[in-house]
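Notes to accompany the following structure.
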Amino acid sequence: MAGPKRKVYIKTFGCQMNVADSEQMALLLADEYVPTDRAEEADLYLINTCAIRRKAEEKVRSLLGSLQTLKQRRPRMLIGVGGCVAQQEGERLLAAAPHLDLVFGPHGVRRLPELVRKAVPGRRVVDIELSRGFPAQPQRHWVSGAFKTLVTIMQGCDNFCTYCVVPYVRGREYSRPSREIVAEVTDFLAAGGKEVTLLGQNVNSYGRGLAEDISFPELLRRIDALPGLARLRFATSHPRDLSKELTAAFGELPSLCEHLHLPVQSGSDRILEAMNRGYTRKEYLEKVAQLRRVCPDISLSTDIIVGFPGETEADFQQTLDLVAEAAFDQAFSFKYSPRPQTRAAALPGRVPGEVQAERLTRLQTLLNELTFNANQRLLGKVAEVLVEGTSKRSPEELCGRLRTNQVVNFSGSRELAGRLVRLQLTEAHPHSLKGTQVDDSSLPWPLAADLQAPQRRVTC
Ligand code: SF4
């Protein structure tokens, strides 16, 4: 008879794609390992890394260094580094960390059980091969109470933005056949799931290279039509590929949440061109205006890089102007940092660190103001919230998200986790809201049509 399973601890850095990859690692290892959230009792310690910015990579290196002590205490514990830093560094990571047993890139995830079996103590393994095609996904078994899920619909990227390491570490773009995606979502909904987020580096180009003739909006329509789906989200979108058809979907599909993450990166045409983004500020702003016409309640979030090589004060001012005009509800902003292999790393005109820091502070002051304003505009409204669990700030409170993606904290029974409730929004804070339940019971699902997504019937 097989003995008890060993324990795996997975530390995840970076984006939702990495969160989905970590879930897949746990699934693939499930025959031999059970997940633990106590690193000190793990038999296998995996770090799933992000290489998008230098700071993210530094955090990984620092964690890896600190694991030396744990390895001394538990010499039979295996340590593996996966993801984008692993792909980028390969053997160099082994040289830098003698206590490291296994290095595997994003495409090595599919071979993880075999790699772990090979990496017995004293035998180190590296797998940074980039494969072709979308890999077969392990069968997911939904536990009761699972109410939201991430579903990967494509991987890799063909865009080669000049600052970005993704096409080098995650490889070329491959879409997943639609029947597999629909089957996975159907299973999730059959088990009582409510919210699905479709993931890919650039979901708008979903379908390219597939034998079937399907676009991303068509995939959204097929998923929206599945019975039981309350909320549909997706990330990430490239502004150049945001088509009229996709914009129109925000006015047509009841489950599609009124939120879009649309990374602009800069407000200066000169810098956008140097970044190889493939759109101008005017085109971006026109798309924003069109989205707001189709879906007046839409909440927009974005990513912005400050201090890209050659960025002048005038370029930066254009970014500030665009941010004010687009009136983003939420944003992630960063100082540019050169990444290995990328074209921008070799560009002249490096912006000094102190100038980058000063610009970032000015930008974040404006972004914080816009986020707070957006939260204040919601005051007094009654809105649907999907309850996610207890609040990070106070175990006495629950937290959930609006369809427009803002976090709302409120007092209520823990049994509401995973359910849709109606809250009156009573307090606006810089990065969250507070609410009170307007009735004792959670919302029945499916909702009555009049509670679903108001003001969404305009077309492009
Ligand atoms: S679209 Fe550009 S920024 Fe996004 S992953 Fe691809 S190369 Fe990177």
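The 3J(HN,Hα) values that the Karplus relation (6.51, -1.76, 1.60; θ = phi - 60°) gives for segment 153-159 are, in residue order, 10, 7, 9, x, 7, 9, 7 Hz. Gly and Pro appear as x.
DSSP finds beta bridges in segment 144-257, and of those with both partners inside it, around 15 percent are antiparallel. Sorting the segments 71-78, 303-310 by their residues' average number of neighbouring beta-carbon atoms within 10 angstrom, most packed first, yields 303-310, 71-78. Max-minus-min Cα coordinates of segment 382-443 on each principal axis give 29, 24, 17 Å, with the largest extent listed first. In the chain, helical runs assigned H by DSSP with n ≥ 4 each contribute -39500 (n - 2.57); averaged across all residues and rounded to the nearest 500, the mean residue ellipticity at 222 nm is -9500 deg cm²/dmol.
Once backbone amide H atoms are built at 1.01 Å from N, A331 has T302 as its partners under 5 Å, excluding neighbours fewer than 5 places away on the same chain.
Along segment 273-280 the Karplus relation, 6.51 cos²θ - 1.76 cosθ + 1.60 evaluated at θ = phi - 60°, assigns HN-Hα couplings of 5, 5, 7, 6, 7, x, 8, 9 Hz to successive residues, with x for each Gly and Pro.
Specify, per residue and in Å³, the volume enclosed by the convex hull of the alpha carbon atoms belonging to the chain. Intermediate values should be presented prior to the final figure.
Numbers: hull volume 72.7 nm³, N = 460.
Dividing the Cα hull volume of the chain by its residues yields 158 Å³.
Think of the chain as having a plus end and a minus end, set by charges on the Cβ of Lys, Arg, Asp and Glu; of A327, T247, S178, S178 sits farthest toward the positive end of this dipole. Loop-located GluC sites (Glu not before Pro) across segment 362-445 with a Cβ neighbour count of 16 or fewer within 10 Å are E396, E397, with loop assigned by DSSP.
The Rg/Rh ratio for segment 6-127 is 0.91, where Rg is the radius of gyration of the alpha carbons and Rh is the Kirkwood radius. Amide H to amide H, with H built 1.01 Å from N, G82 comes under 5 Å of I47, N48, T49, F104, counting only residues 5 or more places away or on other chains. Taking amide H positions as modeled 1.01 Å from N, with prolines and chain starts lacking one, no residue 5 or more places away or on another chain lies under 5 Å from C161. Ordering of 104-115, 270-281 by packing is 104-115, 270-281, highest average first (other Cβ atoms within 10 Å, averaged per residue).
Tell me the Kirkwood hydrodynamic radius of segment 88-130 in angstroms, computed as one over the mean inverse distance between distinct C-alpha pairs.
Numbers: mean 1/r = 0.0958 Å⁻¹.
One decimal place: 10.4 Å for the Kirkwood radius.
Once you keep just the Cα pairs under 8 angstrom separated by 6 or more residues, what percentage relative contact order results for segment 382-443? Walk me through the numbers before you get to the answer.
Working: 142 pairs, mean separation 20.3, N = 62.
Dividing the mean separation by the residue count of segment 382-443 yields 33 percent.
We did not get these values from a lab; they are worked out from the coordinates using the rules stated. Just so we're clear, the structure is a prediction, and the values are computed from it rather than from any experiment. Every residue, glycine as well, gets a Cβ built from its backbone with ideal geometry; the counts of neighbours run over all protein chains shown.
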